[in-house]
Amino acid sequence: MITYVQYFLNFVEIAALYSLVACGFYLITISTRHFAFAAAIGFMIVPYSAVLPEAGFAKLAMILLGLALCGAFGFIYQKIAGHLSSKGAREGQLLIVSLAIMGIGENVVTLVFGSSSQTLSSALGLPSLIMSHIHVSGQQLTALVFGWSILILIVFQWRCSLIGKILQALVESRLNLALRGVSVSRVETWTAITGFIIVGVSGVLWAIDGRIKPAMCTEVGVVGAVSFIIGAMIKTGPIGLIVAATALAFGRLLLSLTLEGDWSMTAMLLVLGCTLVLKRRAIFKVESA
Amino acid sequence: MIGYFVFNIILLLQLVLLAQTTDLVGGYGGRVGVASVLFAAIGGYAYATSTITIGIGPWKSVALALMATLAIGLFIGWLFLQLRENDFLLATLAGQLGFLEIANNIRILGGPLGIRGIPAPTLGPVLSDSALQAIWLVLPAVIICSIALVKLFGPYARFGSLIRWVRDDELSAHAFGLPVERLQIAIFLFLSFFSGIVGMGIVVAQSYVSPNTFDLWLSITVLTVVYISGTGGNPLWMFAGATILVLINEGLRSLGSFPELVGPLQQITLNVILVAILIFRRRGIAGPEIEFGPSANRLE
């Protein structure tokens, strides 16, 4: 029983982190108009910024600095994508640029920190929670509470606030948005910055309760892309993304319990391939400039 | 010294062949993807499994691997060629990574440790190192592929004109009664056949195969060669792109005192080159300015 509860907690935690990745990836993709695999760099920047300081305030300060770096990277990336779009680059070429930038980020991290995994578990000295033999570590509690709180905030903002309405308009029609007097380029820039910061938050939460390594970049990109495609079929916006990411987390848990080896990527990639082929009409079409 | 030289020639020829086939479906067919690396992986693994796990002789294994590659190519081509642009690239990427994950988890394919001691098919003069025998597999393939592409896609070639027509305006090609699907499947089978040979060449040259042999890094390398050389242009320019890349890689390898830096530095350099080309000179060295004609798709 206790084991199953622990599995459930792990599932809920991974679902939250995948959902954050999916939301960040979604924001970057709608602002840059292509599947932005480079979002995975945001996942690396924040945790690796905070790896060096021992613990305490310095580590927290470095996490905040990492988030700022994430935002800055989002700004630069959006400008590069905008420049390429304005010069008539095709969607496939933008996607290749995105993959190449992801490769650069992954290898820079490998060069500086090595390819072995790192953790930020000492960043927060939170006590563990013990409820009738069920042990929840402070790190896991942090990831769960922060992760789901941010997701609820994102859903609320998307549905009720002006920012959410503007983002919905950005997805539907840029022209319409511009005709209403909104500066589309500014909205796109801030959307990309926010997207990178959200992916960065998921990275730091992952590193607090687990370990990250540079090779995770591809997995993060695939989680974002698969959630983006499947989420759009369920419901436009964060609700669809969260449902899709939760389904991926469930699939990962199920495969890890039933099969020997790590099949999580295989499941995601097979789902992606099947979805692309079978349901391509339902896929949100990224506008070409 | 001769061994080192031949090994680099093999590497160069493998890159040329993968780039030519990628550009055939991407530059000429209008579907940029990493299908060539996927089929190289399928060909390489099929050959390795056939020779080591099942114990069939090298030449019979070559034939078996090519048949397997063509059969899978027919199915995947039929499935993936319905997709366009982003979707095709994503699907081929998913196919490549998915296949490698399967290879990573299935024992018969060697798992993460891979398959070792893969024999080389003997043909032509025997070289000092059996791994160098791969040149007799790759060299004829490059010659045949280059001649075929030049003949089929030359300025006055009918086949090339039809493929370009489909690329530029698929709807009007359909309207004029062109067998669009069959043309696309034909070039996809061409890609799978020659990519399968490259895959076998790679595993024979290394006498070893593992999921890392055909990873994302190889896909990026092939795309870099394609974009350096110029996509949709003369296929012989792929030799120039591949030569530049091999020289850069060997130059970076000379950082012998810091071996742990070589791999990441090579990958960073290649990715930076790819991004720079796509930002500043998308035509590469000799790619044509592809003008898409008036399209019924756009008029809709």
Turns out the helices (runs of 4 or more DSSP H) fully within segment B:232-300 with at least 1 residues that are surrounded by 15 or more Cβ atoms within 10 Å (Cβ to Cβ), modelled with pLDDT of 80 or more and in contact with a Leu (Cβ under 6 Å, 6 or more places away or on another chain) are B:238-253, B:259-280
Residue hits (segment B:197-220; open to solvent by 10 Å² or more (accessible area, probe 1.4 Å), within 13 Å of chain A (Cβ to nearest Cβ) and either in contact with a helix residue (DSSP H, G or I) (Cβ under 6 Å, 6 or more places away or on another chain) or part of a helix (DSSP H, G or I) (or both)) are B:Pro211, B:Asn212, B:Leu216, B:Trp217, B:Leu218, B:Ile220
Going through (1) small (Gly, Ala, Ser); (2) within 19 Å of A:Val187 (Cα to Cα); (3) open to solvent by less than 30 Å² (accessible area, probe 1.4 Å) one by one, A:Gly66 fails only at (2)
Note on segment A:44-78: residues within 16 Å of A:Val220 (Cα to Cα) and either free of Cβ contacts under 8 Å to residues at least 60 places away in the same chain or in contact with an Asp or Glu (Cβ under 9 Å, 6 or more places away or on another chain) (or both) are A:Met44
Among residues of segment B:1-35 being part of a helix (DSSP H, G or I) and touching an Asp or Glu at 6+ places or on another chain (Cβ under 9 Å), the residue farthest from B:Leu247 (Cα to Cα) is B:Gly3
With criteria (1) open to solvent by 40 Å² or more (accessible area, probe 1.4 Å); (2) part of a helix (DSSP H, G or I); (3) within 12 Å of chain B (Cβ to nearest Cβ), A:Gly88 comes up short on (2)
Review point. Hey, any hits in segment A:265-278 for a residue that's more than 13 Å from every other protein chain (Cβ to nearest Cβ) and modelled with pLDDT under 85?
Key: no
A:Phe250 meets each of (1) in contact with a helix residue (DSSP H, G or I) (Cβ under 7 Å, 6 or more places away or on another chain); (2) surrounded by 18 or more Cβ atoms within 10 Å (Cβ to Cβ); (3) of a type outside the set (Val, Ile, Thr) with one exception, condition (2)
query = Would you call A:Val21 closer than 13 Å to A:Gly203 by Cα, in contact with a strand residue (DSSP E or B) (Cβ under 9 Å, 6 or more places away or on another chain) and either open to solvent by 40 Å² or more (accessible area, probe 1.4 Å) or in contact (Cβ under 8 Å) with a residue 40 or more places away in the chain (or both)?
reply = no
B:Asp87 fails exactly one of (1) touching a Gly at 6+ places or on another chain (Cβ under 7 Å); (2) without any contact (Cβ under 8 Å) to a residue 12 or more places away in the chain, namely (1)
Restricting segment A:30-58 to residues that are within 30 Å of A:Glu172 (Cα to Cα) and over 11 Å from the mean Cα position of the chain (by Cα), the one surrounded by the most Cβ atoms within 10 Å (Cβ to Cβ) turns out to be A:Thr32
| request: Determine whether segment A:200-215 contains at least one residue that is surrounded by 16 or more Cβ atoms within 10 Å (Cβ to Cβ) and within 14 Å of another protein chain (Cβ to nearest Cβ). | output: yes
Being more than 9 Å from chain A (Cβ to nearest Cβ) and more than 16 Å from B:Phe190 (Cβ to Cβ) narrows B:Ile72, B:Ile115, B:Ile106, B:Ile102 down to just B:Ile115
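The values are calculated or read from the model by the stated rules, or taken from the named source; none is laboratory data. Note that the coordinates shown come from a computational prediction; the quantities given were computed from them, not determined experimentally. No Cβ is skipped: glycine too gets one built from the backbone with ideal geometry, and neighbour counts run over all protein chains shown. Ligands, DNA and RNA are excluded from the accessible area calculation, which covers all protein heavy atoms including side chains. Shrake-Rupley method; radii C 1.70, N 1.55, O 1.52, S 1.80 Å.
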